[in-house]
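Undergrad: This structure is in structure tokens; I'll ask about it shortly.
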Amino acid sequence: MPSPTPIPLLGIPVHAVTMADTLALVEGYMAEPRLHQIATVNPEFVMAAQSDAEFRRVLEQADLCLPDGVGLLYAARRYGRRLPERVPGSELVYRLAERAAARGWPLFLLGAAPGVAEEAAGVLCSLYPNLCVAGTYAGSPDPAENEAIVRRVNDSGAALLFVAYGAPKQDKWIARNRDALPAVRVAIGVGGSLDFVTGRAVRAPRWMQRLGLEWLHRLIREPWRWRRMMALPRFAWRVWRG
Ligand code: UDP
């Protein structure tokens with residue numbers, strides 16, 4: 001399945017794919033011997049990339065920029081384009097783990113607070129008993145740790161890599177190391193998803209997700225994020241202005 005043409009939103013590419021398309025694309029990536037980078041783009045990413053040239057380049061060269069944010073769907077519509085559905089990273093981690101268990105892709109969980117990746121691996125293994133967890137490690141996106149982490153991932157033989165350092169650090173980490181991880185076929189920045197898997201963080205109830213209010217739930221649970229979340233109205237304003 002060829003990568004679909006991206007829709008540029010304030011200059012940042014977002015691919016018009018569904019969850020099913022994403023899984024089909026990942027199957028294709030797994031058959032191709034190079035690292036494919038997936039980013040879970042939301043309005044915060046788009047606004048951060050306006051003033052962070054490195055992050056912008058990372059998103060431009062990623063193989064797949066998923067529409068992980070309802071604001072992107074509205075924005076695309078404003079430009080007369082269509083993103084078929086939201087593909088949330090927090091849901092994709094389960095679908096990918098399920099697929100990894102079925103296909104025998106060894107999975108490495110990198111990032112999050114110490115102990116979280118191990119606990120998330122335990123949860124995923126109990127959901128998908130055939131899942132092969134090649135390794136887990138909190139580490140840090142600090143360049144001083146880069147070499148040791150790359151060695152650890154390579155030694156594990158992982159083909160699928162989840163990186164939970166938050167955006168844009170996780171996405172820059174993957175881009176920086178894409179040529180240094182020969183066995184990894186798919187690497188995806190998963191933000192706080194491992195915290196959701198372990199239950200340390202709780203996703204919005206279904207009705208809020210359906211109404212596109214997941215951002216409000218996050219703001220209520222994590223009010224210290226308000227400054228970062230100001231990206232949402234700034235994004236809406238820029239899009240509305242055209
Ligand atoms: N994180 C980390 N090291 C860092 C910064 C963040 O391991 O230097 C982890 C943090 O523990 C959390 C994840 O990155 O599990 C995502 O953080 P955040 O919720 O800020 O990211 P977002 O979901 O907004 O991308």
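Undergrad: Would you mind stating whether A117 is buried (at least 19 other Cβ atoms within 10 Å of the Cβ), out of contact with any helix residue (DSSP H, G or I) (no Cβ under 8 Å at 6 or more places or on another chain) and in contact (Cβ under 8 Å) with a residue 12 or more places away in the chain?
TA: On the way: buried (at least 19 other Cβ atoms within 10 Å of the Cβ): yes; out of contact with any helix residue (DSSP H, G or I) (no Cβ under 8 Å at 6 or more places or on another chain): no; in contact (Cβ under 8 Å) with a residue 12 or more places away in the chain: yes.
No; evaluated as a whole, the condition is false for this residue.
Undergrad: Take the residues in region 216-237 that are within 13 Å of the ligand (Cβ to nearest atom) and within 13 Å of A75 (Cβ to Cβ); name whichever of them is least open to solvent (accessible area, probe 1.4 Å).
TA: So the residue we want is A231.
Let's see how each residue does on (1) open to solvent by 50 Å² or more (accessible area, probe 1.4 Å); (2) on the phi > 0 side of the Ramachandran plot; (3) not in a helix (DSSP H, G or I):
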position	(1), (2), (3)
W105	no, no, yes
C125	no, no, no
P129	yes, no, yes
A148	yes, no, no
R151	yes, no, no
D155	yes, no, no
W173	no, no, no
P182	yes, no, yes
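Undergrad: Within the set of pairs 6+ apart or on separate chains, which have a first residue in region 184-199 that is within 12 Å of the ligand (Cβ to nearest atom) and of a type outside the set (G, A, S), a second that is part of a loop (DSSP other than H, G, I, E, B) and modelled with pLDDT under 95, and C-beta atoms under 6 Å apart?
TA: That search, which allows pairs on different chains as well, returns D195/A201; F196/R203.
Undergrad: Could you grab me the full set of residues in region 192-215 that are outside any helix (DSSP H, G or I) and open to solvent by 30 Å² or more (accessible area, probe 1.4 Å)? Walk me through it before giving the result.
TA: Keep residues of region 192-215 that are outside any helix (DSSP H, G or I), which gives 192, 199-205, 211-213.
Those that are outside any helix (DSSP H, G or I) and open to solvent by 30 Å² or more (accessible area, probe 1.4 Å): G199, R200, V202, R203, P205, L211, L213.
Undergrad: OK, next. Would you confirm whether or not region 206-224 contains a residue that is touching a helix residue (DSSP H, G or I) at 6+ places or on another chain (Cβ under 7 Å) and farther than 26 Å from Y94 by Cβ?
TA: no
Undergrad: May I pose another question? Please go through region 48-78 and pick out each residue that is in a loop (DSSP other than H, G, I, E, B) and at pLDDT 95 or above.
TA: As a first pass, look at region 48-78 and keep what is in a loop (DSSP other than H, G, I, E, B): 52, 62-63, 68-69.
Within region 48-78, D52, A62, D63, D68 qualify.
Undergrad: Just to verify a result, which residue in region 82-103, among those that are assigned to a loop (DSSP other than H, G, I, E, B) and more than 16 Å from the ligand (Cβ to nearest atom), is most open to solvent (accessible area, probe 1.4 Å)?
TA: Within region 82-103, the first condition is being assigned to a loop (DSSP other than H, G, I, E, B), and the residues that meet it are 82-88.
In the following step, the residues that additionally are more than 16 Å from the ligand (Cβ to nearest atom) were identified as 82-85.
Working: R82: 167, L83: 11, P84: 46, E85: 68 Å².
Looking at residues that are assigned to a loop (DSSP other than H, G, I, E, B) and more than 16 Å from the ligand (Cβ to nearest atom), I get R82.
Undergrad: Check off (1) part of a loop (DSSP other than H, G, I, E, B); (2) more than 19 Å from the chain's Cα centre (by Cα) for A167 and give me the number that stays unchecked.
TA: Only one criterion in (1) part of a loop (DSSP other than H, G, I, E, B); (2) more than 19 Å from the chain's Cα centre (by Cα) is unmet by A167, namely (2).
Undergrad: If F45 satisfies every condition in (1) in a helix (DSSP H, G or I); (2) touching a strand residue (DSSP E or B) at 6+ places or on another chain (Cβ under 8 Å); (3) closer than 15 Å to E85 by Cβ but one, which is the exception?
TA: Failed condition: (3).
The values are calculated or read from the model by the stated rules, or taken from the named source; none is laboratory data. None of these values were measured; they are calculated from a predicted model. Positions of Cβ are backbone-derived with ideal geometry, glycine not excepted, and every protein chain shown enters the neighbour counts. Each accessible area value is taken on the protein alone, full model and side chains, heavy atoms only, with ligands, DNA and RNA left out. Shrake-Rupley method; radii C 1.70, N 1.55, O 1.52, S 1.80 Å.
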